[in-house]
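Shown next, in structure tokens, is the structure this report addresses.
The values are calculated or read from the model by the stated rules, or taken from the named source; none is laboratory data. The structure presented is a predicted model; accordingly, all values stated were derived computationally and were not measured. Please note: Cβ atoms are built from the backbone with ideal geometry, for glycine as well, and neighbour counts cover all protein chains shown.
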There are 2 protein chains.
Amino acid sequence: MSHMVYSCLMAVDRDHVLRSAAALLTRKATATMDEVAKAAGISRATLHRQFAGRDALVRALEALGISECEAALDAAALDDGPASEAARRLVHELQPAAALLAFLYTENQLFEGEEQNAGWSRIDDRVAALFRRGQEAGEFRIDLTPGWLTEALYGLLASAAWAVTEGRVARNDFTHMIVELLLGGALRRDETRREES
Amino acid sequence: MSHMVYSCLMAVDRDHVLRSAAALLTRKATATMDEVAKAAGISRATLHRQFAGRDALVRALEALGISECEAALDAAALDDGPASEAARRLVHELQPAAALLAFLYTENQLFEGEEQNAGWSRIDDRVAALFRRGQEAGEFRIDLTPGWLTEALYGLLASAAWAVTEGRVARNDFTHMIVELLLGGALRRDETRREES
DNA sequence: CCATCGTGAGACGTTGATGTCTCACATGGT
DNA sequence: ACCATGTGAGACATCAACGTCTCACGATGG
């Protein structure tokens, strides 16, 4: 009986802690467990009760990032309509998770080897599939590989997230900046072709 | 007398250590001083004689990155010819330093506040000035701010550097991938271009 | 009213990296 | 041969973060 109540409360707290940790670690990737705890408004002991250690916390954040990514991928309905519009929807859906993704993106670069969560590969595949679809539909240029476009999307998301938190670009322009730069580059430019070289 | 010889030798060694450290830290940003020393083929003691501590080492790497950036900026002659060609030259010149820049780029995101080296602002300004020049010449679109384009360039450089080291894209395509994506997005779209030519 | 449980505070011991030190050794110049 | 100097190896103390533990408090449910 009480089990239900407690597990419910813990689930709520767990999510709150996760959110605060994401917000803090996004700004200061080297934040200590003590700082994470204080940022979440709890003690270090409680933090340790919910996440066995820093690794567990980071892996939980990774799981959160993956689930948010997949939610965004679903919401964007990548298979519908023009690929460019699908990409625009994707970036728009990804925006709230951008800061967290930026943290996880660099966190993965921090260590060598150390096989990464399989979830990322599936996400990579879905994003790459979108670009491939755009290429096969004659919508995107074919000299930029889907793999590179995927990587570039991550990079631009991270750059934009940082630029926003440091006030170098306005938060409102977030989606526009990324989409326009990415698609403008990925979109085949038919009219310009005749002029190039 | 002997001072000359020793200082000369130390200068050579210092540069070599710096290069190896850059190569290692690029792959594993959390590498220990011991690993850095071994990677450079020297003992930890000697490493410590040349760089007072980890901070000093990172700051030396920062100085190296800044100087390489400025060398690339000079070599690219950003004020000559079309801005798009200048940007292409810039990326090409920046390529050898890309991995180091990727390391320093994330290193700066790792800490909050902590005023960054003034050298970066000057570099930012020069790059942003290039994009601004392209906009004023009617070559680049004006809805993407020079500041964002600068930030995006850094992000793409880092993404490409990582993608290359992890074998996701071919090293030979490095410049092409970045330039085509960046410029394709930055270049103003066709209709206006027709009138001009 | 009492029992239970989560929590905060804090005291540990442990680990890993760091910075400092000494000393023996090899090299190179005198 | 002699001396000086840079180097490698390793010992040593220090420090910060971690993980574990205990204990008292407050709240909640029976």
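Couple of notes before you dig in:
- Looking only at residues of segment B:30-53 that are within 14 Å of chain A (Cβ to nearest Cβ) and exposed (fewer than 14 other Cβ atoms within 10 Å of the Cβ), we find that the one that is modelled with the lowest pLDDT is B:Thr30.
- Failed item in (1) in a helix (DSSP H, G or I); (2) over 22 Å from A:Leu25 (Cα atoms), with A:Cys69 passing the rest: (2)
- When A:Ala71, A:Ala11 are screened for being at pLDDT 95 or above, farther than 24 Å from A:Glu166 by Cα and either in contact with an Asp or Glu (Cβ under 6 Å, 6 or more places away or on another chain) or more than 8 Å from DNA strand D (Cβ to nearest atom) (or both), only A:Ala71 passes.
- Boolean, B:Asp125 is within 14 Å of chain A (Cβ to nearest Cβ), out of contact with any helix residue (DSSP H, G or I) (no Cβ under 6 Å at 6 or more places or on another chain) and among the charged types (D, E, K, R): yes
- Just so you know, in segment A:136-154 the residues that are at the interface with chain B (Cβ under 10 Å from one of its Cβ atoms) and in contact (Cβ under 8 Å) with a residue 12 or more places away in the chain include one that is surrounded by the most Cβ atoms within 10 Å (Cβ to Cβ), and it is A:Ala152.
- The one condition in (1) within 14 Å of chain A (Cβ to nearest Cβ); (2) within 15 Å of DNA strand D (Cβ to nearest atom) that B:Arg27 fails to fulfil: (2)
- For A:Glu112, the conditions (1) within 16 Å of DNA strand C (Cβ to nearest atom); (2) without any contact (Cβ under 8 Å) to a residue 40 or more places away in the chain; (3) away from every other protein chain (no Cβ under 12 Å) are fulfilled apart from (3).
- Looking at B:Leu64, B:Leu57, just one residue is of a type outside the set (D, E, K, R), part of a helix (DSSP H, G or I) and within 16 Å of DNA strand D (Cβ to nearest atom), and that residue is B:Leu57.
- Residues located in segment B:170-194, provided they are crowded, with 24+ Cβ neighbours inside 10 Å, at pLDDT 90 or above and within 7 Å of another protein chain (Cβ to nearest Cβ): B:Met177, B:Leu181, B:Leu182
- Selection within segment A:23-45: residues that are free of Cβ contacts under 8 Å to residues at least 12 places away in the same chain and of a type outside the set (Lys, Arg). The member of this set that is farthest from DNA strand C (Cβ to nearest atom) is A:Ala31.
- Qualifying residue in segment A:81-89 (condition: within 16 Å of DNA strand C (Cβ to nearest atom), more than 14 Å from the chain's Cα centre (by Cα), surrounded by 15 or more Cβ atoms within 10 Å (Cβ to Cβ) and not in a loop (DSSP other than H, G, I, E, B)): no
- Just so you know, in segment A:97-130 the residues that are of a type in the set (Phe, Trp, Tyr) and assigned to a helix (DSSP H, G or I) include one that is surrounded by the fewest Cβ atoms within 10 Å (Cβ to Cβ), and it is A:Trp120.
- Any chance A:Val36 is outside the structural domain of A:Phe111 (by TED's automatic domain parsing), over 17 Å from the mean Cα position of the chain (by Cα) and under 24 Å from B:Tyr105 (Cα atoms): yes
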